[in-house]
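Since the structure comes first, as structure tokens, the remarks are kept for the end.
The values are calculated or read from the model by the stated rules, or taken from the named source; none is laboratory data. For clarity, every value in this text was computed on a predicted model and none was experimentally measured. Cβ atoms come from the backbone with ideal geometry, glycine included; neighbour counts cover every protein chain shown. Please note that ligands, DNA and RNA were not included when accessible areas were found on the heavy atoms of the full protein model with its side chains. Shrake-Rupley method; radii C 1.70, N 1.55, O 1.52, S 1.80 Å.
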Amino acid sequence: MKALIIGASGFVGPYLTEAVKRDLKCDVVATGHSSECAPFPGCETRKLDIMDNAAVFSLLQDEHPYYIFHLAAQSSVSRSWKDPAFTVNVNIKGALSVLDAIRALEYKPKVLMVGSGEEYGHIKPEDIPIKEGQFLRPGNIYAATKAGQNMMSSVYANAYGMHLVMTRSFNHMGPGQSPVFVVSDFCRQAVRIEKGFQEPVIYVGNLDAKRDFTDVRDMVSAYTALIQFGVPGETYNVGTGKAVPIKEILTRIIEKSSADIKVEVDEKKLRPVDIPVIEPDISKLYKATGWKPVIELDRTLENMLEYYRSHEELLR
Ligand code: A2R
């Protein structure tokens with residue numbers, strides 16, 4: 001049996017590739033987008049632009065995957081502000097081209113369409129913990145496109161009987177994550193200080209918010225469970241279900257560092273926190289799959305610090 005991972009060259013893809021081999025015992029076909037996309041160890045690598053409908057169609061016809069994971073996206077919120085048209089093209093038109101190519105197959109593969117907790121947008125305190133039926137109020141174009149992908153998938157699942165399961169994935173973190181994300185940024189700064197690349201100060205924005213952070217290795221286990229046991233046409237929150245204050249994460253990183261680190265507020269990073277707590281209800285996911293996160297926050301942070309310690313080129 002084959003599994004296809006579309007958009008495997010990003011942060012989540014390599015972890016998902018391992019999880020698919022382990023949990024689904026499948027051969028993996030992994031797609032990257034940029035021309036410098038390196039071959040994935042132990043799996044067939046194909047270059048694919050999801051904007052190219054014919055290429056998506058012929059890849060699916062060639063490979064006949066039983067499982068399809070759709071990860072490909074313009075996934076940066078800040079880029080979505082700068083380049084909304086590009087974000088809409090990749091995340092809406094691209095997702096539609098994937099859906100249409102799957103629809104044209106003469107069999108019904110099991111598909112996971114990966115979305116985002118950002119789709120909920122402006123969450124009020126009384127909406128916590130957030131259930132999947134929550135009204136969506138996306139607060140940026142990235143979130144709006146992911147909500148669009150979710151709605152198109154729901155329409156296709158119902159209209160054409162396709163086996164499409166959708167996620168709303170909350171914050172994830174782990175070794176190899178870009179430092180544009182807060183936890184990776186803190187870990188990188190801590191290790192830069194340890195190695196003498198930075199004065200012993202971590203510059204922070206607002207630390208008051210509470211967010212739900214899942215280790216990427218737990219996240220991908222939820223994906224392999226959902227693609228097997230999720231109900232077609234349904235959407236599932238994926239997260240730990242327990243929001244943590246960002247201040248606590250920073251405190252733990254500093255405790256784990258060998259350096260003596262001070263914390264200072266950087267005005268450029270200081271945005272008012274309009275949503276103090278974002279915490280999903282994950283009972284629907286648990287009921288469908290029995291999935292629970294197993295990796296402790298401390299272990300994730302240690303692994304992320306170790307990753308930066310062993311990749312000095314990322315510190316300069
Ligand atoms: O740009 P590349 O070569 O790294 O490929 C990225 C791929 N991608 C595309 N694939 C096909 N056609 C396109 N037009 C296209 N544009 C981008 O999507 C990469 O393999 C993947 C996105 O990787 P990341 O940005 O690192 O996302 P991450 O953190 O792995 O998240 C996976 C999914 C995304 O849908 C997020 O929106 C969601 O989880 O949270």
Unmet criterion (only one of (1) within 19 Å of the chain's Cα centre (by Cα); (2) outside the structural domain of V165 (by TED's automatic domain parsing); (3) surrounded by fewer than 18 Cβ atoms within 10 Å (Cβ to Cβ)) for E234: (2)
Output for region 174-195, where each listed residue is buried (at least 23 other Cβ atoms within 10 Å of the Cβ) and within 16 Å of the ligand (Cβ to nearest atom): G174, V183
Matching residues in region 78-127 - criterion: being of a type in the set (A, V, I, L, M), farther than 16 Å from H33 by Cβ and in contact with a strand residue (DSSP E or B) (Cβ under 9 Å, 6 or more places away or on another chain): L99, I102, V111, L112, M113, I123
Filtered residues of region 221-247 (kept if assigned to a loop (DSSP other than H, G, I, E, B) and either among the hydrophobic types (A, V, I, L, M, F, W, C) or touching a strand residue (DSSP E or B) at 6+ places or on another chain (Cβ under 8 Å) (or both)): G230, V231, P232, G233, E234, G239, T240, G241, A243
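So which helices (runs of 4 or more DSSP H) stay within region 1-93 end to end and still have 3 or more residues that are more than 8 Å from the ligand (Cβ to nearest atom), open to solvent by 40 Å² or more (accessible area, probe 1.4 Å) and within 21 Å of P175 (Cα to Cα)? So that I can check it myself, show each step before the final result.
Details: elements: 12-24, 53-63, 77-82, 84-88.
Counting at least 3 such residues, we get 12-24.
Quick check on this structure: which one of V277, V294, V204, V220 is hydrophobic (A, V, I, L, M, F, W, C), touching a Leu at 6+ places or on another chain (Cβ under 7 Å) and more than 30 Å from M162 (Cβ to Cβ)? Steps first, please.
Values: V277 fails: touching a Leu at 6+ places or on another chain (Cβ under 7 Å); V294 fails: touching a Leu at 6+ places or on another chain (Cβ under 7 Å); V220 fails: more than 30 Å from M162 (Cβ to Cβ).
So the residue among V277, V294, V204, V220 that is hydrophobic (A, V, I, L, M, F, W, C), touching a Leu at 6+ places or on another chain (Cβ under 7 Å) and more than 30 Å from M162 (Cβ to Cβ) is V204.
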Qualifying residue in region 199-215 (condition: touching an Asp or Glu at 6+ places or on another chain (Cβ under 9 Å), at positive phi, surrounded by 19 or more Cβ atoms within 10 Å (Cβ to Cβ) and part of a loop (DSSP other than H, G, I, E, B)): no
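Yes or no: P232 under 30 Å from N150 (Cβ atoms) and modelled with pLDDT under 95?
Working: under 30 Å from N150 (Cβ atoms): yes; modelled with pLDDT under 95: no.
So P232 does not fit the description; no.
Can you tell me how many residues in region 130-152 are over 26 Å from P84 (Cα atoms) and open to solvent by 60 Å² or more (accessible area, probe 1.4 Å)?
Selection size over region 130-152: 2.
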Within region 248-259, tally of residues that are of a type in the set (S, T, Y) and either surrounded by 15 or more Cβ atoms within 10 Å (Cβ to Cβ) or part of a strand (DSSP E or B) (or both): 1
